[in-house]
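Let me begin by presenting the structure, written as structure tokens, before commenting on it.
The values are calculated or read from the model by the stated rules, or taken from the named source; none is laboratory data. Everything quoted here is computed from the prediction, not taken from an experiment. When we count neighbours, we look across all protein chains shown, and the Cβ atoms used for this are built from the backbone with ideal geometry, even at glycine. Side chains are part of the model used for accessible areas, which takes the heavy atoms of the whole protein and leaves out ligands, DNA and RNA. Shrake-Rupley method; radii C 1.70, N 1.55, O 1.52, S 1.80 Å.
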Amino acid sequence: MINHPLSVEDLLKVKHNQEQRDAINHVDGPLLVLAGAGTGKTLVLVNRIANIMAQNKAAPWQILAVTFTNKAANEMSERIHSLANQRISWLGTFHSIAAKILRSHADIVRLDSNFTILDVDDQLKMIKLTMEELNFDIKAISPKIIYSSIQQWKEKAITPDKLSDKDLFSNMDEHASKIYKAYQERMISNNVVDFGDLLLKNLDIFREAPEIVDKYHDHFKYILVDEYQDTNVVQYLWLRILAQRHHNICCVGDDDQSIYGWRGAEVGNILRFEKDFPNPKIVKLEQNYRSTNHILKAATHLISHNQNRYQKTLWTDTNSDDKIRIKSFWRDREESDFIASEIKHLTDLSKKIKLAILVRASFQTRVLEDSCVSHAVPYKIIGSLKFYERQEIKDIVAYIKLSLNFNDDLAFDRIINKPVRGIGKNSLQKLKRFAMDQGISFMSAAEQIIASSSDLLPKKALNSLEHFLTMVKKMEY
């Protein structure tokens with residue numbers, strides 16, 4: 001085992017409260033940290049990892065740390081490096097870790113290791129293609145509804161072959177189940193996966209190859225999980241399998257902050273931790289370093305009405321005379337004008353003050369913009385179109401995807417006429433139908449049509465198609 005620059009004695013010098021220290025020092029065995037908002041959960045996770053390495057309990061590559069966002073993963077990575085001068089190679093989001101495992105064992109689930117991962121737009125296109133192949137009317141049955149059903153089943157770790165009558169509540173579910181099965185087969189033939197597949201196919205690998213599970217049991221001596229209250233069924237099963245041997249699992253979360261039930265989160269995962277991992281140590285982080293006493297008292301009183309929760313009471317040394325104010329309005333413009341006038345008043349008192357307005361949905365910013373303009377309040381909207389959602393970037397990425405994976409029908413479909421090549425809609429429909437009838441990819445269908453000098457397509461379309469194929473194949477190198 002390697003020696004680490006940070007010693008246990010160094011860790012003890014870091015300022016922690018007693019509960020934080022208890023969590024950091026409980027290294028072996030299951031640990032549940034109930035961390036209220038603003039109580040230093042990231043500090044506990046980072047210092048606990050550093051403590052494991054400082055005690056030579058595990059090398060950096062023998063620790064699995066899972067978060068929900070890339071931002072949180074990057075923050076943890078930098079703080080660990082700053083504290084212990086080490087990088088944790090298995091630190092990332094559920095999806096990034098699962099993708100890493102899947103690429104190592106893709107053949108077990110009929111994939112190549114160079115598979116591509118679809119975003120939501122491409123998933124919807126794939127569902128549309130599947131529905132057309134099955135002769136479903138996409139005007140009568142919305143692909144978005146089918147997408148939603150498939151995602152919910154994947155979040156619950158239900159594969160097409162495991163769907164039963166209790167999972168089908170309507171005729172729409174019946175349709176979705178048929179599309180789900182064909183959709184998954186089309187994904188395999190295209191060598192692509194969606195985000196829901198990453199963890200689901202990990203479970204398939206673990207089930208099909210127990211020796212791989214043993215490998216990861218040997219590899220991961222310690223597992224740490226952030227925001228455990230937001231895990232869904234498939235994430236829960238994935239973690240439970242990986243933690244089966246050592247039981248050195250630390251889950252940090254707060255049942256009071258579980259708000260993602262709409263995307264499959266199961267707050268019951270955190271509530272059943274004691275049953276899954278018997279005799280765990282439970283630490284409650286209740287000292288808040290972020291909010292004032294008035295805010296904490298109001299929040300505690302409100303959440304205390306929840307019945308299925310661990311009892312805890314947040315407290316703070318930070319006092320303030322400013323109390324919470326609640327205002328009600330009949331109309332959105334009335335509300336936005338009040339907000340703008342309040343901001344104007346506060347910024348007139350101090351030019352240094354910065355304020356944020358939180359909205360539930362992006363459409364609500366429109367009326368706020370109008371009010372800010374009316375009151376001469378400078379503003380900036382956060383959350384505009386992301387870089388990888390821009391059309392030109394998605395086009396470039398599609399070119400790269402197709403050059404790496406000729407079976408990627410979605411990439412082919414996206415760029416075949418970008419820029420316009422004179423391959424008309426009718427020609428494309430004939431090519432796709434030929435591909436579906438032969439059970440091959442669009443790229444392979446194009447190759448066969450060109451090689452056979454078929455009269456299926458007009459000469460102009462054939463020439464353009466041949467030029468396109470030549471260009472893509474050159475990109476491969």
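Observations on the structure shown:
- Whenever a residue of region 281-307 is touching a residue at least 24 places away in the same chain (Cβ under 8 Å), its partners that are among the basic types (Lys, Arg), lying with C-beta atoms within less than 8 angstrom and at least six residues away or across chains, give the pairs Lys284/Lys312; Leu285/Lys41; Glu286/Lys312; His294/Lys323; Ile303/Arg309.
- Residue match in region 157-166 (condition: in contact (Cβ under 8 Å) with a residue 60 or more places away in the chain, out of contact with any Phe, Trp or Tyr (no Cβ under 8 Å at 6 or more places or on another chain) and not small (Gly, Ala, Ser)): no
- Residue within region 311-325 that is in a loop (DSSP other than H, G, I, E, B), basic (Lys, Arg) and open to solvent by 100 Å² or more (accessible area, probe 1.4 Å) present: yes
- Screening the candidates Ile146, Ile127, Ile150 for the property of being closer than 22 Å to Ser441 by Cα, at pLDDT 90 or above and open to solvent by less than 10 Å² (accessible area, probe 1.4 Å) yields one hit, Ile127.
- Candidates are the residues of region 62-75 that are under 21 Å from Ala243 (Cα atoms) and modelled with pLDDT under 95; the one that is surrounded by the most Cβ atoms within 10 Å (Cβ to Cβ) is Thr67.
- Ile138 more than 23 Å from the chain's Cα centre (by Cα) and over 30 Å from Val46 (Cβ atoms): yes
- The set of residues in region 439-464 being outside any helix (DSSP H, G or I), open to solvent by 40 Å² or more (accessible area, probe 1.4 Å) and either under 26 Å from Asn191 (Cβ atoms) or small (Gly, Ala, Ser) (or both) consists of Gly439, Ile440, Ser452, Ser453, Leu456.
- Test for Asp408: is it closer than 22 Å to Gln123 by Cβ, touching a strand residue (DSSP E or B) at 6+ places or on another chain (Cβ under 7 Å) and not small (Gly, Ala, Ser): yes
- Selection status of Val193, crowded, with 17+ Cβ neighbours inside 10 Å and touching a Cys at 6+ places or on another chain (Cβ under 6 Å): no
- Of the residues contained in region 154-163, one or more are found to be among the hydroxyl-bearing types (Ser, Thr, Tyr) and more than 23 Å from Phe412 (Cβ to Cβ).
- Test: residue in region 76-90 that is open to solvent by less than 70 Å² (accessible area, probe 1.4 Å), within 20 Å of the chain's Cα centre (by Cα), among the hydrophobic types (A, V, I, L, M, F, W, C) and modelled with pLDDT of 95 or more: yes
- Residue selected from region 40-56 under the condition assigned to a loop (DSSP other than H, G, I, E, B) and in contact with a helix residue (DSSP H, G or I) (Cβ under 8 Å, 6 or more places away or on another chain), by the criterion nearest to Leu285 (Cα to Cα): Gly40
- In region 357-386, the residues that are open to solvent by 90 Å² or more (accessible area, probe 1.4 Å), of a type in the set (A, V, I, L, M) and farther than 19 Å from Arg331 by Cβ: Leu358, Ile382, Leu385
- The helices (runs of 4 or more DSSP H) found entirely in region 60-139 that carry 2 or more residues being of a type in the set (Ser, Thr, Tyr) are 70-84, 94-104.
- Residue within region 207-229 that is open to solvent by 10 Å² or more (accessible area, probe 1.4 Å), assigned to a helix (DSSP H, G or I), of a type in the set (A, V, I, L, M) and in contact with a Lys or Arg (Cβ under 6 Å, 6 or more places away or on another chain) present: no
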